[in-house]
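Some notes on the structure that comes next.
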Amino acid sequence: MKKLFTSPALLSAPYSRTAKALLAMSSVGILAACGGGGYSSPGPDTTAPTISNVSDVSVSADQNSDAIDISVQDDRTAAATIAVTVTSSNTDLIANEDLALSVSGGTRSLVVTPTSDSVGETMITVDASDAAGNTSSTSFMVTVAQRELSESAILDQITQLDEDSEPLFVNQLSVSDLVDSETGFDDLVDN
């Protein structure tokens, strides 16, 4: 066993029990300095924050996504203070300003809003940065698909048309192509 007090003067000196303990730790290199109760860091922070995996998301055109939960953690930075940014690889489909990120502790909730009348795919990248500047990132795909209309929704739109209305398109087929002037809208709706 290593002898902590190497000087008989330390053993007999009128130091308090705490002061003797601190001097003993200092003598074996555990605590290099303790002037005024200082704290020595365990070393530089070189560990990047972690970001949870996010599954790919599908959203209907002209609709907001449901909230997408993203969890971030770090060994030294409080989760709520980790800087998180999100970006879209296809800003014509989902603009960066249409990526709404809210914070609740270590969880971020992201809602994406596609550009009106747009369909396609975009890669969303989530970047996290801790207080020491360490960064990490993850990505996931968002697919914006044409909104599926129910039969009743299509019929509701048809009944609102009049002869001055713009043509209604359903799966690339104009509803006005199905209606001639002799049968009218009522016959189509009654079928």
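Tabulated data for the structure shown
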| read-out | value |
| --- | --- |
| Calculated FRET efficiency for the pair Ala67/Asp117, C-beta based, R₀ 35 Å, to 0.05 | 0.90 |
| Rough spin-label spacing in nm, given labels placed 7 Å along Cα→Cβ, for Ser102 and Thr85 | 2.4 nm |
| Point-to-point label distance, Ser58-Arg147, nm (Cα→Cβ direction, 7 Å offset) | 1.7 nm |
| Distant-in-sequence amide H partners of Ile94 (H built 1.01 Å from N, under 5 Å) | Thr115 |
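Every number in this text was worked out from the coordinates using simple rules, so none of it is lab data. Everything numeric in this text was worked out from a predicted model, so none of it was measured. Note: ideal-geometry Cβ built from the backbone for every residue, glycine included; neighbour counts use all protein chains shown.
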